[in-house]
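What follows is calculated from the coordinates using simple rules that are stated; it is not laboratory data. Keep in mind the model is a prediction, meaning the values are calculated, not measured. Every residue, glycine among them, receives a Cβ derived from its backbone with ideal geometry; neighbour counts consider all protein chains shown.
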Amino acid sequence: MNVFEELQARGLIAQMTDAKRVEELLTKEKIKFYIGFDPTADSLHVGHFVQVMVMAHMQRAGHVPIALFGGGTGMVGDPSGKTDMRKLLTKEDIDHNINCFKEQMGKLIDFSHGKALMVNNADWLLNLNYIEFLREIGVYFSVNRMLAAECYKQRMETGLSFFELNYMIMQSYDFLVLGREYNCVLQLGGDDQWSNIIGGVELNRRADSRETFGMTFKLLQTSDGRKMGKTEQGAVWLDPEKTSPYDFYQYWRNVDDADVVNCMKMLTFIPVEKIEEYGKLEGSDINAAKTVLAYEVTKLIHSEEEADKAQAAAQSLFGNNVDTENMPTTVLDDTDFEDGQANILNILVKAGLVKSKGEARRLIEQGGVSVDDKKVPDFTFNVSHEKLEQGSVMIKKGKKIFHKITL
């Protein structure tokens, strides 16, 4: 199976500018392609993971990935999928975030000996002469066509600034520069980037008469169309300090039955034929496939050792051996106690299991909190300092979230 067939079999491909030519490029030639990553946070998240996996599949087939970091575009922010303008970042924030991205991406992409490249569009965007840029590049863009693009159209009601209107032009210019400097002929991205990718393909054709192509990939969504990668605590990050390997493992272990096969195809290197076999499982047998998914994804992002620890911690819960060092843990100090007692509302908030005491109260009223397998009766419940001196306690939120509390 060639890489084009592999990407199709895994259900990754959404749209292409010229399907026949893209297939020829991927199967008969070795090309340079790029994916852009705007450093809007200090970690990649699950949504980026799909793009990095595509890069890895392409590299394994002999193609050369270019990871383009948006040191320049990140100072504006992509309006795609946003109802409001993004928070503006400083150059120092952006540089820090890029360094974090590089470290995480290096776990899946081999950047040694020119096998993949890292570039930063700040190198060409930050020093542009405005008038020269308008004359050289701006003349190729129709405002009417830009406003018809989905990434802008959905913002027209809430307000689209001229500042953000420039984003498509800058991303298109990235493709032009990469074509000129690196002979890059293909831009890849999530399906929400289709309009921006088309802009780059058109700019290459108009400005340099260069034939380039674009291909987008399906976004990571549940079977009913909801975006994946969000929990009550927020986004699922690849940084272990933001989402622990255990929580990362548990996220994939607890996906809906209908989403297991799709996640396996998009986020692991398990052969498609083997995944299809997992897809035949029914009822409680599907849990075996979920365990494989959780382990494989955690191993890719956090290492085999961390995957082993997370799996052992998860399995210990079902064996009632809940005091495990690998479970997410919150340490209480003297300030958390009053007269030797720590209130459950404060504990839930400090552990990050809820965002507020109000949310904690509602959760307890609904019977959604247990301490050492005993339902918390009301929000006056306390955990004593004396009890914690004897050993840790385990809080269970709902049916699947476990958290250790200790001194």
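Our estimate of slack between residue 407 and residue 305, defined as 0.36 nm per intervening residue step minus the Cα-Cα distance, is 34.1 nm. Straightening the chain between residue 362 and residue 221 buys 47.9 nm, computed as 0.36 nm per residue apart minus the Cα-Cα spacing. A compact globular protein would have a Cα radius of gyration near 2.2 N^0.38 Å; the ratio found for the stretch 329-406 is 0.98. Once R0 is set to 30 Å, what does the formula 1/(1 + (r/R0)^6) return for the Cβ-Cβ distance between residue 102 and residue 334, expressed as a FRET efficiency to the nearest 0.05? The computed FRET efficiency comes out at 0.15. Expressed as a whole percent, how much of the Cα-Cα distance distribution for the stretch 3-217 exceeds 30 Å? Summing the P(r) tail past 30 Å for the stretch 3-217 gives 18 percent. Each residue in 175, 162, 37 was given a count of other beta-carbon atoms within 10 angstrom of its own, and listing them fewest first yields 162, 37, 175.
Inter-label distance, residue 23 to residue 241: 4.7 nm, where each label sits 7 Å from its Cα along the C-beta direction. Within the set [x] 75, 47, 40; [y] 67, 50, 33; [z] 78, 53, 42, the number that Cα extents along the principal axes in Å takes when calculated for this structure is listed as [x]. Ranking of 298, 380, 222 by neighbouring Cβ atoms within 10 Å, starting from the fewest: 380, 222, 298. Extending 7 Å from the Cα toward the beta-carbon at both residue 374 and residue 182 defines two label points whose distance is 6.0 nm. With the simple spin-label model, which puts each label point 7 Å out from Cα in the Cβ direction, the residue 131 to residue 118 separation comes to 3.8 nm. Counting beta carbons within 10 Å around each of 119, 46, 177 and listing the fewest first gives the order 177, 119, 46.
Using a Gaussian network model of the chain with C-alpha springs under 10 Å, which one of 267, 128, 220 is most mobile by mean-square fluctuation? Its mean-square fluctuation being the largest, the pick is 128. Note on the chain: helix-only mean residue ellipticity at 222 nm, from DSSP H runs of 4+ residues weighted -39500 (n - 2.57) and normalised by residue number, equals -13000 deg cm²/dmol. Considering only beta bridges that DSSP places wholly inside the chain, some 50 percent are antiparallel. Across the stretch 230-318, Cα-Cα pairs farther apart than 16 Å form 51% of the total.
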